[in-house]
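Notes follow once the structure below has been shown.
The values are calculated or read from the model by the stated rules, or taken from the named source; none is laboratory data. Quantities reported herein were computed from a predicted structural model and do not represent experimental measurements. Cβ placement follows ideal geometry from the backbone for every residue including glycine, while neighbour counts extend to all protein chains displayed.
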Amino acid sequence: MTQLIEPAASPRPEIGTVTLWELLRALREGWRDFTRAPAYGLFFSAFYVLCGAGLVYWGAGTFTWTLVLSLGFPIFAPFAAVGLYEVSRRLEADEPLGWASVLAVVWAERGRQLPWIGALLVIIFLFWSFFAHMSFAMFLGNMQLINITTSWDMFMTPHGMMLIAFQIVVGGVVALFTYMITVVSMPLLLDREIDFMTAMGFSIRVFMRNKVVLLLWAAIIAVFVLVAMVPMFLGLFLALPVLGHATWHIYRRALYTPV
C-alpha cells in the first residue's frame, strides 16, 4: 500500500538569504537530481510539452496568437513542476522513489491548497490572453494595411512597434507579479500544511529579501525556457526538470525551520 507523506504542520519557516553561490549550487543540484531520476523529469515535462504544442496548434495560422500563447504559457511552469519538487524532496530526504508513491503525493494535492494557486495562474493566463487581444485591436485594429504582406511587416510599422513596447511593459509587470507569488510558494505548499495565501505571502517576502539574486534566477529561467521552446517545445524535456529540481533547492535555502 502506498504511504502518503503528509506535509509538516509547524513550526512556521523563517526567511533566509540566498546568495549567488547558493543559486549556482542549486542549479547544479537540479542537474544532479535530474540525472539521478531522469524518467520522472521526462514524464512530468511531457505534459508541459504536449500542452504547449497543443496551444501552438490552437493558434496555428495566426502569428499573433501563436506568439501570445507561447509567451503566456510559461506562467504554468511552477504548477507543472510540482511532481519534480516531490522527487527532489525524496532524494534529499533519502526516501525511496517509486512511481506509485510520487504520483500519489501529486494526486493528493488536488484536495489541498495547490489547486488554488493553479486557478490563480489560469486567471492570470486568461488576463494575459485578453490583454493581448485588446492591445492588438487598440494599436492595429484601425491601421490601413498598405504594403503589408506578412505579420512581420505589420509589427515593424510604428503602430506595431508601439504595440510590442506596450505589451512588453504590461507583460513584464504581470510576469513579475506571477514570479513573486510563486517563486517558493509551490514547494512550500507541497512541503508544509499551510494555506495558499500565507504561502504567497512568504513567497513575496522571500523575493523582497533576495531581490537581486532572485531576479537573476528569473532571468535564467526566462532564457532557459524561451530557448527550450524554440524547437517545438522539445527543449523543455531538459530545461523544465533541471529548473524544477533547482527551484526546490532554492526554496530549501530561502525558507528554513528554526532550531
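Go through segment 229-251 and give me each residue that's closer than 22 Å to Ser88 by Cβ and either surrounded by fewer than 20 Cβ atoms within 10 Å (Cβ to Cβ) or of a type in the set (Val, Ile, Thr) (or both). Steps first, answer last, please.
Here is the first cut: in segment 229-251, the ones closer than 22 Å to Ser88 by Cβ are 235-251.
Of everything in segment 229-251, those that are closer than 22 Å to Ser88 by Cβ and either surrounded by fewer than 20 Cβ atoms within 10 Å (Cβ to Cβ) or of a type in the set (Val, Ile, Thr) (or both) turn out to be Gly235, Phe237, Leu238, Val242, Thr247, Ile250.
Residue under question is Ala46, and the condition is that it be at pLDDT 85 or above, surrounded by fewer than 20 Cβ atoms within 10 Å (Cβ to Cβ) and part of a helix (DSSP H, G or I); does it hold?
yes
Quick one: which helices (runs of 4 or more DSSP H) lie wholly within segment 109-215 and hold at least 1 residues that are of a type in the set (A, V, I, L, M), modelled with pLDDT under 85 and more than 30 Å from Leu20 (Cα to Cα)?
Result: 114-140, 151-155, 158-182.
So, Glu92, is that one closer than 22 Å to Val242 by Cα, crowded, with 20+ Cβ neighbours inside 10 Å, at pLDDT 85 or above and of a type in the set (Asp, Glu) or not?
no
Could you run through segment 176-211 and say how many residues are of a type outside the set (Val, Ile, Thr) and in contact (Cβ under 8 Å) with a residue 60 or more places away in the chain?
Summing the residues that are of a type outside the set (Val, Ile, Thr) and in contact (Cβ under 8 Å) with a residue 60 or more places away in the chain in segment 176-211 gives 17.
Go over the candidates Arg28, Arg12 one by one and state the one that is more than 16 Å from the chain's Cα centre (by Cα), closer than 24 Å to Asn210 by Cβ and either at pLDDT below 95 or not in a helix (DSSP H, G or I) (or both).
The unique qualifying residue is Arg12.
Yes or no: Leu23 at pLDDT 90 or above, within 27 Å of Gly171 (Cα to Cα), touching a helix residue (DSSP H, G or I) at 6+ places or on another chain (Cβ under 8 Å) and part of a helix (DSSP H, G or I)?
The answer is yes for Leu23.
Yes/no matrix, rows are residues, columns are (1) surrounded by fewer than 22 Cβ atoms within 10 Å (Cβ to Cβ); (2) closer than 23 Å to Ala119 by Cβ; (3) in contact with a helix residue (DSSP H, G or I) (Cβ under 7 Å, 6 or more places away or on another chain):
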{"site": "Met186", "(1), (2), (3)": "no, yes, yes"}
{"site": "Leu189", "(1), (2), (3)": "no, yes, yes"}
{"site": "Met197", "(1), (2), (3)": "yes, yes, no"}
{"site": "Arg205", "(1), (2), (3)": "yes, yes, no"}
{"site": "Asn210", "(1), (2), (3)": "no, no, yes"}
{"site": "Leu215", "(1), (2), (3)": "yes, no, no"}
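I'd like to verify a number: residues in segment 228-259 that are part of a loop (DSSP other than H, G, I, E, B), in contact with a helix residue (DSSP H, G or I) (Cβ under 7 Å, 6 or more places away or on another chain) and under 24 Å from Val213 (Cβ atoms), how many?
Number of matching residues: 0.
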